[in-house]
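The values are calculated or read from the model by the stated rules, or taken from the named source; none is laboratory data. In this text, all values refer to a predicted model and were calculated from it rather than measured experimentally. Cβ placement follows ideal geometry from the backbone for every residue including glycine, while neighbour counts extend to all protein chains displayed. All accessible areas refer to the heavy atoms of the entire protein, side chains included, with ligands and DNA or RNA removed. Shrake-Rupley method; radii C 1.70, N 1.55, O 1.52, S 1.80 Å.
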Amino acid sequence: MSPRVYRNLDEIFAGEYEGMTYEEIKKIAPSEATLRSMDKIGYRYPRGESYLDILARLDPLVHELESYHEPLLLVSHQAVLRLLYCYLTGRTRAQAPKLSMPLHTVIRITYDGWTPPTEERFYLGPECSQTDGQTHL
């Protein structure tokens with residue numbers, strides 16, 4: 001299969017806070033940061049997206065991907081990868097926002113339709129840290 005670009009795999013759009021860190025958002029809009037911490041899956045950034053919006057965006061793509069018969073390599077961003085990982089491993093979508101996805105890592109998920117999915121992780125990045133930088137959120 002040749003490489004393809006799917007805009008469905010774009011990172012969550014933070015709307016008015018796009019490009020800012022969580023610390024910057026807490027500083028300029030503490031009420032928004034509080035709302036997000038109370039309902040991370042349902043919280044929608046002003047003029048932005050929520051995890052639930054990403055689910056709606058991913059739905060048609062997942063149906064397409066399930067029709068392929070060859071191995072797939074998906075490269076995406078943290079929020080999107082959390083949702084896809086939960087779907088592919090049988091976890092609930094409610095678990096996605098708090099799931100830690102390691103950076104610089106290939107996660108191979110194998111599923112044959114009959115047995116539970118198996119997972120292998122291959123760390124490719126620097127040896128300094130295997131966290132996603134969001135464990136404090």
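Looking at the range 96-106, which of its residues are out of contact with any helix residue (DSSP H, G or I) (no Cβ under 7 Å at 6 or more places or on another chain) and either among the acidic types (Asp, Glu) or not in a helix (DSSP H, G or I) (or both)?
Within the range 96-106, the subset out of contact with any helix residue (DSSP H, G or I) (no Cβ under 7 Å at 6 or more places or on another chain) is 98, 100, 102-106.
Matches in the range 96-106: Ser100, Pro102, Leu103, His104, Thr105, Val106.
Checking the structure you have, find out if any residue of the range 31-39 is over 28 Å from Thr92 (Cα atoms) and out of contact with any Ser or Thr (no Cβ under 9 Å at 6 or more places or on another chain).
If we filter the range 31-39 for residues that are over 28 Å from Thr92 (Cα atoms), which is where we start, we get none.
Scanning the range 31-39, I find no residue that is over 28 Å from Thr92 (Cα atoms) and out of contact with any Ser or Thr (no Cβ under 9 Å at 6 or more places or on another chain), so the answer is no.
Residue by residue, here is whether (1) modelled with pLDDT of 95 or more; (2) open to solvent by 70 Å² or more (accessible area, probe 1.4 Å); (3) over 11 Å from the mean Cα position of the chain (by Cα); (4) over 18 Å from Phe122 (Cα atoms) holds:
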| residue | (1), (2), (3), (4) |
| --- | --- |
| Ile54 | yes, no, no, yes |
| Pro60 | yes, yes, yes, yes |
| Glu66 | no, yes, yes, yes |
| Pro71 | no, yes, yes, no |
| Cys86 | yes, no, no, yes |
| Ser100 | no, no, no, no |
| Arg108 | yes, yes, yes, no |
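Look at the range 14-43 and say how many of its residues are touching a Gly at 6+ places or on another chain (Cβ under 8 Å) and buried (at least 16 other Cβ atoms within 10 Å of the Cβ). Walk me through how you get there before you give the answer.
Within the range 14-43, the first condition is being touching a Gly at 6+ places or on another chain (Cβ under 8 Å), and the residues that meet it are 14-18.
After this cut, where a residue has to be buried (at least 16 other Cβ atoms within 10 Å of the Cβ) as well, the list is 14, 17.
Selection size over the range 14-43: 2.
Can you tell me which of (1) assigned to a helix (DSSP H, G or I); (2) more than 14 Å from the chain's Cα centre (by Cα); (3) without any contact (Cβ under 8 Å) to a residue 12 or more places away in the chain is the one Tyr43 doesn't meet?
It fails just one condition, (1).
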